[in-house]
1. For a test of the definition: using alpha carbon positions, the gyration tensor, and the 1.5 limit on a/c, classify the stretch 230-329 as rounded, prolate or oblate.
2. Once you've got the Cα coordinates, tell me which of Lys84/Lys202; Lys75/Lys225; Lys75/Lys202; Lys202/Lys322 are over 20 Å apart.
3. Pop a pseudo-label 7 angstrom from the Cα along the beta-carbon direction at both Lys81 and Ile285 and give the gap in nm to one decimal.
4. Report the full-extension gain for the segment Lys202 to Leu97: residue separation times 0.36 nm, less the Cα-Cα distance, to one decimal in nm.
5. Can you sort Tyr197, Tyr222 so the residue with the fewest Cβ neighbours within 10 Å comes first?
6. Would you order Thr281, Thr379, Thr91 from fewest to most other beta-carbon atoms within 10 Å of each residue's own beta-carbon?
7. Would you tally the net charge around Ser253, using a Cβ to Cβ cut-off of less than 12 Å, leaving Ser253 out, and scoring K and R as +1, D and E as -1?
8. Sort Asp368, Asp246 so that the residue with the fewest other Cβ atoms within 10 Å of its own Cβ comes first and the one with the most comes last.
Amino acid sequence: MRKFRNLVKNHTSVFVFAALAAGILCVVITGYVIFSNIGAIGGFLSAVARVLSPVIIGLVTAYIIDPLVEFFEEKVLRRMKNAKTRRTVSTVIALILVLALLGLFVGTLIPSLISSISMLIDNAEGYYKTIEDVAEKINGIGFGLNINLEAIENSVNNFLGNIVNNLSENFSSVLDTTKNIGASLVNALMGVILAVYFLFSKRYLLAGVERLRRAVWTPKQYDEKTRFWNRCNDIFTQYIGWNIIDAIIIGMSNAVFMLLLGMPYAPLVSFVVGVANLIPTFGPIIGAVVGALLLVLVKPSYALWFLVFTVAIQTLDAYVIKPRLFSSSFGISAVLTLVSITVGSKLFGIVGVLLAIPVAAILSFVYDERLIPWLQKKTSARAEKAPEPLPAPAAPEKPAGEAETKE
């Protein structure tokens, strides 16, 4: 036994190196297995997401509506003493208000959108005539420009013909797409129903989670993680709620402007502008381009005035409206915003784009308030444990007789 202990003591570095090499080897093998089966893992996660999609939709819907419920519960009905009754009445009022807004949206905006799209299709020949006139004017000006209208017309006809042929040849794909749309609508309906149950059962569900958290974490860990999740919740609710209000303001302002100037497609263009405004950074550009392309076919001056108004309202939105709505800045730089939007779009599509800024804000405050203080604490602890440097040896004193001799 003593020989074994001596062997271990004399070869400690060998054992440490072997353990480190084994750990690195395990990480490499695990990474190779994951990346070699990334398709199967992605398919498994997609299947799980499809199965849980109604629950996910329900949770997201309940999360979005819950601030409205809390507003009625804490502000409007705060004098109601029975907490359970107050929660139930607040939930019912919030659901009725949301359903009324959806009904108003479907009853007013949807018919206007359908009318605008129908008018857009009916006037297709007139738009082509407008393009033809503009091309003839450009050809008449000269400067070596010569637009071949016949070639453009043939290209458009070939493109439309290919679409029709693909639809007829891939009829089964069209049916599959229709089936998927129907399944998505069913999942959405089930998700809304589950959201209602989640809202009514919020207290019960949170109580169960609370018991689990207190059983797993120490009181100090519980307090720290509670503050962390409350901060994350504040960021998400503030961003989602005020961003929706901002989009409504921009869309309605655009509709009023277009109606005052008598521009066509006001509901369609304003809806596109409002929805695109939900997308950070690139959304206003998308809305402006789509609106200008639709209006330039009717009258180029409409497109010009629309672009001037878009630049003005987006400037006002960036420097006045959003700073008022978002009372506390997220505190993230423009570079981090662009990086988060790019990475979010690549990983999660449009959902990643919409949630890129709040996620980046959370990562930023985790870096500033958690990671940096933790590293500073570790550095201070290592500095305290480090041995104090030995004092420098004093220079030897010279004998007195030697000094007198030199003089």
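1. Details: a/c = 2.59, a/b = 2.40, b/c = 1.08.
Prolate.
2. Numbers: Lys84/Lys202 11 Å; Lys75/Lys225 27 Å; Lys75/Lys202 18 Å; Lys202/Lys322 31 Å.
Correct reply: Lys75/Lys225; Lys202/Lys322.
3. In this crude label model, Lys81 to Ile285 measures out at 6.1 nm.
4. Net length gain for the segment: 35.9 nm.
5. Ascending number of Cβ neighbours within 10 Å: Tyr197, Tyr222.
6. Starting with the residue having the fewest Cβ neighbours, the order is Thr379, Thr281, Thr91.
7. Local charge sum for Ser253: -2.
8. Asp368, Asp246
Computed from the coordinates by the stated procedures, all read-outs in this text should not be read as laboratory data. Just so we're clear, the structure is a prediction, and the values are computed from it rather than from any experiment. In this analysis, Cβ positions are derived from the backbone assuming ideal geometry, glycine residues included, and neighbour counts consider all displayed protein chains.
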